[in-house]
Amino acid sequence: MRGWWRLTRARLRRRARRIVGVLALLTVAAVLLVWARLTRGFNSDLLLNIGAAVVMVALSYAVFDPIFEELRRSRVEEHPSFDHDEFSDHVAGAVDLVAVMDTGNHMLEGTSRGRFLTAVRTALGNGATVRVLLLDPDSAAADQRAEEIRPVDVRRVIQDNLRHLNDFAGALDAGTLTRFQVRIYDASPSIQMFRWDDKALISFFPIGIRASAAPHLEVYLSSPLGDFVQGRFDDLWRHPSTRPLSDYITVPITVFHEDTPLRNCGVHFVIVDGDCFIDGAPMVDQLTDHGTGSLEIVSGNPLTIDGRLGQTFRLARVDGDSVPDRTAVLGMFDAKYGPRQVDGPGRARLAMRLVPRRDEYGLT
């Protein structure tokens with residue numbers, strides 16, 4: 001809200017300057033015309049003509065300046081490629097809204113990441129809201145995009161992006177965190193958008209190269225093209241299949257033993273070939289006391305397994321003879337969450353497969 005007021009005040013200041021300019025010109029014109037009335041001969045005619053000309057300038061400025069401003073705002077400026085540093089500078093100066101819509105965000109890779117996240121932190125300090133909308137790395141659309149820009153591993157790029165965004169969010173205070181919003185969409189990517197306040201860089205997704213290397217159009221959001229792209233962003237942001245970053249990072253579960261709840265916790269998870277695997281480390285005490293066979297897992301968010309939504313599961317251990325085996329599954333966890341430090345805090349990962357209860361699906 002504070003950022004919105006700042007942006008509104010800036011627009012009001014521009015309008016106020018226009019009004020002051022018109023009034024100043026009219027004042028000058030009035031002085032000249034009065035002076036012309038008090039004189040005679042050539043000087044009177046000269047002052048009268050100058051005064052009339054100033055009145056015409058003031059009226060022309062009042063009428064045409066808003067038109068020129070609107071034409072300027074409708075102008076589209078083309079950039080041959082994406083300038084990472086320039087966009088970070090724009091983000092750092094934002095006071096209202098920063099919005100990114102992409103598959104995997106190149107601003108969160110390599111040397112650009114540090115400067116971009118610093119700019120995001122500055123924008124949040126300015127009172128701006130930051131919204132990031134990235135493609136679901138487990139979606140069919142991510143696989144399709146990977147086919148288009150081989151050998152780029154699109155899934156791994158998005159996973160890395162989301163991990164860095166989650167780490168960044170974890171370092172924010174509670175008040176600032178409400179204005180840093182990351183969501184994941186599951187749809188065919190059509191447009192890439194990088195917005196700061198009332199302007200944005202937009203591009204489409206070319207075949208064979210990443211969008212960051214393609215030309216970008218710089219537009220005002222108030223223009224028809226800018227309004228169209230912002231509408232696409234808003235539609236995806238609000239779509240029922242779009243989920244917050246927290247749903248991608250953890251799934252809330254309740255561990256039951258003979259219908260008795262033992263523990264509520266959030267666990268890390270990965271989807272591999274339609275199967276869901278969780279990191280059972282947070283419930284290792286329950287596993288030690290009761291084993292896997294007598295425990296039941298109820299998911300706080302329905303999980304899609306074998307094409308069906310389910311909430312109640314049994315547990316199965318993952319070992320060297322499983323398909324996929326323990327090494328492959330742990331590699332998936334490393335790709336999504338980063339390698340677990342052997343000597344770091346916390347317990348080692350414990351890969352467990354969720355097996356849907358057959359009676360939940362009405363099967364025998």
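Annotations
- In the stretch 75-104, residue modelled with the highest pLDDT [restricted to those that are β-branched (Val, Ile, Thr) and within 22 Å of residue 145 (Cα to Cα)]: 100
- Some residue of the stretch 282-289 being out of contact with any Phe, Trp or Tyr (no Cβ under 7 Å at 6 or more places or on another chain) and closer than 20 Å to residue 338 by Cα: yes
- The listed residue being open to solvent by 10 Å² or more (accessible area, probe 1.4 Å), within 14 Å of residue 172 (Cβ to Cβ) and among the aliphatic types (A, V, I, L, M), out of 124, 117: 117
- Contacts under 6 angstrom Cβ, first residue in the stretch 86-104 being among the β-branched types (Val, Ile, Thr), partner open to solvent by 10 Å² or more (accessible area, probe 1.4 Å), 6 or more apart: 91/196; 95/6; 95/7; 95/126; 98/196; 103/189
- For the stretch 170-187, the condition of being of a type outside the set (D, E, K, R), open to solvent by less than 50 Å² (accessible area, probe 1.4 Å), under 20 Å from residue 86 (Cα atoms) and modelled with pLDDT of 95 or more holds for none of the residues.
- From 325, 321, residue being of a type in the set (Asp, Glu) and over 25 Å from residue 137 (Cα atoms): 321
- So residue 347, is it among the basic types (Lys, Arg), at pLDDT 60 or above and under 35 Å from the mean Cα position of the chain (by Cα): yes
Residue-by-condition table, conditions (1) within 15 Å of the chain's Cα centre (by Cα); (2) not in a strand (DSSP E or B):
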site: 127; (1), (2): no, yes
site: 163; (1), (2): yes, yes
site: 176; (1), (2): no, yes
site: 181; (1), (2): yes, no
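- Among the residues of the stretch 241-249, none qualifies, meaning not one is among the acidic types (Asp, Glu), farther than 24 Å from residue 169 by Cα and either open to solvent by less than 10 Å² (accessible area, probe 1.4 Å) or not in a strand (DSSP E or B) (or both).
- Of the listed requirements (1) in contact (Cβ under 8 Å) with a residue 60 or more places away in the chain; (2) open to solvent by 50 Å² or more (accessible area, probe 1.4 Å); (3) not hydrophobic (A, V, I, L, M, F, W, C), residue 259 misses just one: (1).
- Positions within the stretch 215-236 being of a type outside the set (D, E, K, R), buried (at least 16 other Cβ atoms within 10 Å of the Cβ) and either over 18 Å from the mean Cα position of the chain (by Cα) or not in a loop (DSSP other than H, G, I, E, B) (or both), in sequence order: 216, 217, 219, 220, 223, 226, 229, 230, 233, 236
- Any chance residue 278 is assigned to a strand (DSSP E or B), open to solvent by less than 20 Å² (accessible area, probe 1.4 Å) and over 20 Å from residue 162 (Cβ atoms): no
The values are calculated or read from the model by the stated rules, or taken from the named source; none is laboratory data. Everything numeric in this text was worked out from a predicted model, so none of it was measured. Methodologically, a virtual Cβ is constructed for each residue, glycine included, from the backbone with ideal geometry; neighbour enumeration extends over all protein chains shown. Side chains are part of the model used for accessible areas, which takes the heavy atoms of the whole protein and leaves out ligands, DNA and RNA. Shrake-Rupley method; radii C 1.70, N 1.55, O 1.52, S 1.80 Å.
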